[in-house]
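Novice: There's a structure below that I have some questions on.
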Amino acid sequence: MLRRLVTPTVLTAGITAAVVSAAVVPAAADTVQPPESNAIVQELEDDGVFIDPQVGDAIPSAEEGALEAAASGTDTPVYYVILPTDAVGSDSALNALMEPVMADVGDGLYGVLAGSEEFRVMSPNVEDTEAVREIALREGGGNQVDTLVAIPDAAQQVEDSAAAGATSLWVLLVIAVLVAGGIFLFVRNSRRKQAEVKAKQLAEIKQMATEDVVRLGEDVARLEIDLSAVDDETRTDYSRAMDAYDQAKTRLDTIREPEEIRQVTNSLEDGRYYMTATRARMNGTPVPDRRGPCFFNPQHGPSVEDVTWAPPGGSPRSVTACASCAQAVKSGMDPNDVRMVEVDGRRVPYYDAGPAYSPYAGGYFGMDMMMGMFTGMMMGSMMGSMMGMGMGMGMGDATGDVGAEGDFGGGDFGGGDFGGGGDFGGFDF
């Protein structure tokens, strides 16, 4: 139902007179009949304004002319229908009257004034007619004619607001797309750079392990052993050395991650020990105890003793050493033939080459021995990274027995992951 105002405002003289006269006639005739739809259609198609004959004589021609002027020349067609009070008593009755009118006349906005208390904006194609109505009410300031005349401007404001909202939405969507695109590019570039760094590390550390594999193969070949002329123990140790060498070559061909280099150096450590054991048996000397490789260069083979050594700027620490390196350190000299690697165009000791080389060392020494030699030394970025890897492994004896896969003293270098409406002059709304 159409709502009625509690506090009516002053009407224009013409429309007020029309309302009063229309209200008197029904009192004598008992009912007010709504106009025929065809009559409304004819007037609207003529000049855009229909005024019911029952109130037409009371509306000044100037006000009717103002409505006709407002109805013409608008982007969205605007039509005005002025009815007497109680010509339609409900929303359903008004809809029943106007729907065939709008069907015949066509798209546009229809401002309907039914007496002094009812004002509606209707349309067959414009959705937000209530917003148009509210703006027209506000712009009219309580004057019916001004309110009706304000409908075209109100419709434009609603259209502009909708366009601005759509533009804002598009702007937000564009910003969202740009932000998402930026994040995608950042993630993609980050992953690409990480992949490039990883590939570079893999190539460098694989080259280093390749050199160790070749060196072991050459050293084994120098044994020049005649298997038919040696005892079973010598033959067994030699076979183990050859198996470890073959295993290192196979693993070297299959690694895809820098951390997997540990498997190669683990096999190399086995091969180095069994080659040394084979040579000792061939020379008739005691087979050496299983010890970790020479810290300064694992290619030197098993160590013979521990020595106290401090890197430049570091604190002293006990490390494993071969006979030659041990003699150099105890004589106050630098170790001989330190295992060097090229990093960013410069040659540095492998233990100071960065975290990518910790799996290389881990395969040779195992976690316990690594911790025993490196804790507190903080030798470059590699040592700092390894101390923060959180392996959760206990300290072991650097000279402990070696188990399978190069685990010294039971330790295992496992690797880290480095990687609303309002009042309107007496209308009901």
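The values are calculated or read from the model by the stated rules, or taken from the named source; none is laboratory data. All values derive from a computational prediction rather than experimental measurement. No Cβ is skipped: glycine too gets one built from the backbone with ideal geometry, and neighbour counts run over all protein chains shown.
Novice: Hey, Val214 hits all of (1) among the hydrophobic types (A, V, I, L, M, F, W, C); (2) within 22 Å of Ser303 (Cα to Cα); (3) in contact with a helix residue (DSSP H, G or I) (Cβ under 7 Å, 6 or more places away or on another chain) but one; which does it fall short on?
Specialist: Of the numbered conditions (1) among the hydrophobic types (A, V, I, L, M, F, W, C); (2) within 22 Å of Ser303 (Cα to Cα); (3) in contact with a helix residue (DSSP H, G or I) (Cβ under 7 Å, 6 or more places away or on another chain), the odd one out for Val214 is (3).
Novice: Kindly indicate whether Asp219 is surrounded by 12 or more Cβ atoms within 10 Å (Cβ to Cβ) and acidic (Asp, Glu).
Specialist: yes
Novice: Please work out if Val158 is more than 30 Å from Gly108 (Cα to Cα) and either β-branched (Val, Ile, Thr) or not assigned by TED's automatic domain parsing to the domain that holds Asn297 (or both).
Specialist: Answer is no for this residue.
Novice: May I ask you to verify whether Leu44 is assigned to a helix (DSSP H, G or I), at pLDDT 85 or above and either touching a Lys or Arg at 6+ places or on another chain (Cβ under 7 Å) or at positive phi (or both)?
Specialist: Here the answer is no, as Leu44 does not meet what is asked.
Novice: Determine whether Ala162 is under 30 Å from Val81 (Cα atoms) and at pLDDT below 85.
Specialist: On the way: under 30 Å from Val81 (Cα atoms): yes; at pLDDT below 85: yes.
Yes: the conditions hold for Ala162.
Novice: Kindly check whether there is at least one residue in the stretch 183-198 that is surrounded by fewer than 19 Cβ atoms within 10 Å (Cβ to Cβ) and farther than 30 Å from Val343 by Cβ.
Specialist: yes
Novice: Taking the condition of being of a type in the set (D, E, K, R) and within 26 Å of Ser228 (Cα to Cα), how many residues in the stretch 250-268 meet it?
Specialist: Looking only at that region, the number is 0.
Novice: Which number in (1) in contact with a helix residue (DSSP H, G or I) (Cβ under 8 Å, 6 or more places away or on another chain); (2) not polar (S, T, N, Q); (3) not in a strand (DSSP E or B) marks the one condition that Val329 misses?
Specialist: Condition not satisfied by Val329: (1).
Novice: Quick check on the stretch 50-71. Is at least one of its residues among the polar types (S, T, N, Q), in contact with a helix residue (DSSP H, G or I) (Cβ under 7 Å, 6 or more places away or on another chain), surrounded by 14 or more Cβ atoms within 10 Å (Cβ to Cβ) and within 21 Å of Asn125 (Cα to Cα)?
Specialist: The answer is no, given that none of the residues of the stretch 50-71 is among the polar types (S, T, N, Q), in contact with a helix residue (DSSP H, G or I) (Cβ under 7 Å, 6 or more places away or on another chain), surrounded by 14 or more Cβ atoms within 10 Å (Cβ to Cβ) and within 21 Å of Asn125 (Cα to Cα).
Novice: Given the conditions (1) surrounded by 13 or more Cβ atoms within 10 Å (Cβ to Cβ); (2) more than 25 Å from Ala66 (Cα to Cα); (3) not aromatic (Phe, Trp, Tyr), and given that Ala154 satisfies all but one, which numbered condition is not satisfied?
Specialist: (2) is the only condition that Ala154 fails.
Novice: Follow-up question, since we're still on this one. Kindly evaluate Ala321 against the criterion of being closer than 16 Å to Met208 by Cβ, buried (at least 19 other Cβ atoms within 10 Å of the Cβ) and hydrophobic (A, V, I, L, M, F, W, C). I'd like the intermediate steps shown before the answer.
Specialist: Values: closer than 16 Å to Met208 by Cβ: no; buried (at least 19 other Cβ atoms within 10 Å of the Cβ): yes; hydrophobic (A, V, I, L, M, F, W, C): yes.
No.
Novice: All but one of (1) part of a helix (DSSP H, G or I); (2) over 28 Å from Asp232 (Cβ atoms); (3) not acidic (Asp, Glu) hold for Phe295; which doesn't?
Specialist: The one condition Phe295 does not meet is (1).
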